[in-house]
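The structure appears below as structure tokens.
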Amino acid sequence: MDDSNVDVRNTVLIFDTTLRDGEQSPGATLTSTEKLELAQQLARLGVDVIEAGFPAASPDDLRSVQRVAQVVGSTAAGETQYKVPIICGLARAVAGDIDAAWEAVKPAQRPRIHTFIATSDIHLEHKLKMTREQVIARTREMVARAKSYCDDVEFSPEDASRSDPRFLYAVLAAAIESGATTLNIPDTVGYSTPQEFGQLIAGIIANTKGIENAIVSVHCHNDLGMATANTMAGLQAGARQAEVTVNGIGERAGNTALEEVVMALYTRHPVYGLGTNIDTTQIAHTSRMVSHYTGLPVQPNKAIVGANAFAHEAGIHQDGLLKHHTTYEIMRPEIVGISQSQLVLGKHSGRHAFRSRLVEMGYEVEGEELDLAFQRFKELADKKKVVTDADLQALIADLFYRSEEIYQLVDLQVVAGRSGMPTATVMIKGPDNADQVHAAVGKGPIDATFRAIDGIVHTPNTLLEYNVHAITEGIDAQGEVTVRLLSEDNGGQVVGGYGADTDIIVASAKAYLGALNRLLVEKASKREEREASE
């Protein structure tokens, strides 16, 4: 986005918590490598603050936040494509948490510690077992502790929307006095309405002592479907930082979606008079990257980034759009990085044209990765008459947005039909680099395929979710498959997997095997943590 004409006093800072709150979505656990790659893309997107994790949660989380701080939060890594963002670590108002957060973020050029404590009477009585006076005292002590480590300290009164406003004013004033520079007001359980939340923010700005020395932030959840509306009401009331996640992922019904807030401010600038530092052309690419890494699909009717967001089927709409795009489009798809190109490349296209198109789409692929991608493109072009940008996005996702491949799919053959028992035979390369073959019978071709894979990859699980959809139109369309599995021997962990192919059964096998690989990686990581602590 071109923000050259945006008054810095009216710029909304975008605080992205995809790597922390977003990762708390069931099944959205990210490896350290995936976190780092997503953090680099968030920096290219132009977010101002990356909340990289909850360092006290586990040694692995501390290390992954530390790595983001070292690589993405510092120009020493040699990355020059983006402005270095603030790297933030979350901490409860507990000394050990704050110490861990500082250990994780201190390699960053611009580190931030974000500490929180609940302020609603519901939480005080049932969770904290603390009085209001004790909460204020703890706030002073822990904000001061965080301030002793770094100048940039954010404080959040958890469950603020269900707290007594007068008590909030006192807690926030104590946080400011102790050194907090950002005050985040969370609608933790998505209970508020836009009118209520706007009034809450306005009241805080009008009644909190020292508020002129801090930035007011808003963090809204979507339990009643009003997260974006509440966030916009908070910004209208004077907040200047929005805490968001890509695709709106997060606990329960999710968080305010980054793309919705950014594009609402962009499209309705005459109403809000506010801007951001986001490069909107990176939105679609970032959305797909988050979806593939987390295994959480984006629903087709999702605002801004859904498959149907810029699709028009009704005849009246199509007629109006052909006459002028503004009849039924309030923003151009190119603004958010969605190309309108249909036929992009074909089987006669060369490597240079292929790479140039990937660069235009936001993918930096070089060396062996480019060779592999080009090989897969040629294979795809031989199968399809039309290769679209969506096909290329799926190809890149299938190649690179996957977990560590302990087991790799080599070949698959399926026999199915009404007259016989569905049978699948798979060939899988194992960790010893040897090919293993196994056949199984199932209730259908997908069930048989999954059973055959289970015969080689012995990882007990329950299939919670199986989704499939066509990427493009036509009988030769690629299909995308996402699965979610519940581990039966790894603490009930839920993980996701992704696969794409012109053969939907092959795509299903890729997705299932990808999820199993993720379970194995996480199991090995936990085992290493236990051994390190012994």
Sort out for me the helices (runs of 4 or more DSSP H) sitting completely within segment 17-110 that have 1 or more residues that are assigned by TED's automatic domain parsing to the domain that holds L464 and in contact with an Asp or Glu (Cβ under 6 Å, 6 or more places away or on another chain).
none
Among the numbered criteria (1) under 19 Å from the mean Cα position of the chain (by Cα); (2) surrounded by 18 or more Cβ atoms within 10 Å (Cβ to Cβ), which one does S192 miss?
(1)
Would you pick out the residues in segment 147-175 that are closer than 14 Å to A93 by Cα, within 27 Å of the chain's Cα centre (by Cα) and of a type in the set (G, A, S)?
S156
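Working carefully through the options A253, A239, find the one that is of a type outside the set (K, R), more than 18 Å from A118 (Cα to Cα) and surrounded by 22 or more Cβ atoms within 10 Å (Cβ to Cβ).
Details: A253 fails: surrounded by 22 or more Cβ atoms within 10 Å (Cβ to Cβ).
Within the list A253, A239, the selection yields A239.
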Across segment 492-530, which residue is farthest from A28 (Cα to Cα) among those that are out of contact with any Leu (no Cβ under 9 Å at 6 or more places or on another chain), aliphatic (A, V, I, L, M) and surrounded by fewer than 24 Cβ atoms within 10 Å (Cβ to Cβ)?
I504
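I'm checking my understanding of the structure. Among residues of segment 124-168 that are β-branched (V, I, T) and in contact with a Ser or Thr (Cβ under 8 Å, 6 or more places away or on another chain), which one is surrounded by the fewest Cβ atoms within 10 Å (Cβ to Cβ)? Walk me through it before giving the result.
So the first thing to find is which residues in segment 124-168 are β-branched (V, I, T), and the list is 131, 135-136, 139, 143, 153.
Adding the requirement that they be in contact with a Ser or Thr (Cβ under 8 Å, 6 or more places away or on another chain) leaves 135, 139, 143, 153.
On the way: V135: 22, T139: 26, V143: 26, V153: 25.
Going through the qualifying residues, I end up with V135.
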Select from segment 208-236 the residues that are surrounded by 24 or more Cβ atoms within 10 Å (Cβ to Cβ) and among the hydroxyl-bearing types (S, T, Y) and write down the one among them that is nearest to I304 (Cα to Cα).
T231
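Is it the case that I205 is β-branched (V, I, T), at pLDDT 95 or above and crowded, with 19+ Cβ neighbours inside 10 Å?
Details: β-branched (V, I, T): yes; at pLDDT 95 or above: yes; crowded, with 19+ Cβ neighbours inside 10 Å: no.
Here the answer is no, as I205 does not meet what is asked.
The values are calculated or read from the model by the stated rules, or taken from the named source; none is laboratory data. Here the structure is a predicted model, which is why all the values come from computation and not from measurement. In this analysis, Cβ positions are derived from the backbone assuming ideal geometry, glycine residues included, and neighbour counts consider all displayed protein chains.
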